[in-house]
Amino acid sequence: IEEAEPVFDTENFPDVKLKSDREPTDGLLKVEQHKRPEDQTAKSRLYAMSGQLIISRKDVHSPVNVNISNQPAGIYVMKIEAGKYRTEWKIIKK
C-alpha cells in the first residue's frame, strides 16, 4: 500500500496519513490519524473536481477504510478535518 502526499497540510496537523492500493488508485483508501485525542471526531469529505460531494463521514476511530471503486476514473480531493486542523489530499482514480 502506497502512502500519498498531502496537497495542503496545516501546521501541526496530528499525523494524518492517506494510503492507497496504488497510485493512481483502484479505489481502496485507508486514512490513518495518529496523535488525535480519542474523543475527537474527524470529518472526511471526498469531492469530485467539479466540487460535487461524493462521500461525507465522521469517524472517531482510526484507521478508516474508504472505498471509491464504484466512482468513475478521475481526480478527487479528500478533505480531512479534526478539531482546528485541516488537510487536503489529491486522489487519482483510474
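Quick one: which residue in I75, I80 is under 16 Å from K19 (Cα atoms), touching a residue at least 24 places away in the same chain (Cβ under 8 Å), more than 12 Å from the chain's Cα centre (by Cα) and part of a strand (DSSP E or B)?
The conditions single out I75.
Entry remark, region 61-72: residues being buried (at least 16 other Cβ atoms within 10 Å of the Cβ) and either assigned to a strand (DSSP E or B) or hydrophobic (A, V, I, L, M, F, W, C) (or both) number 3 in total. When the residues of region 64-94 are filtered to those that are touching a Phe, Trp or Tyr at 6+ places or on another chain (Cβ under 6 Å) and of a type in the set (S, T, Y), the one that is modelled with the lowest pLDDT is Y85.
Taken over region 31-60, the residue count meeting the criterion of being part of a strand (DSSP E or B) and open to solvent by 60 Å² or more (accessible area, probe 1.4 Å) is 6.
Looking at the structure I just gave you, is S20 of a type in the set (S, T, Y) and loosely packed, with under 14 Cβ neighbours inside 10 Å?
Numbers: of a type in the set (S, T, Y): yes; loosely packed, with under 14 Cβ neighbours inside 10 Å: no.
Against the criterion (of a type in the set (S, T, Y) and loosely packed, with under 14 Cβ neighbours inside 10 Å), S20 does not qualify.
The values are calculated or read from the model by the stated rules, or taken from the named source; none is laboratory data. Not measured: the values here are computed from a predicted model. Glycine gets a Cβ as well: all are built from the backbone with ideal geometry, and neighbour counts include every protein chain shown. For the accessible areas, the whole protein counts, side chains as well, though only heavy atoms, and no ligand, DNA or RNA atoms are used. Shrake-Rupley method; radii C 1.70, N 1.55, O 1.52, S 1.80 Å.
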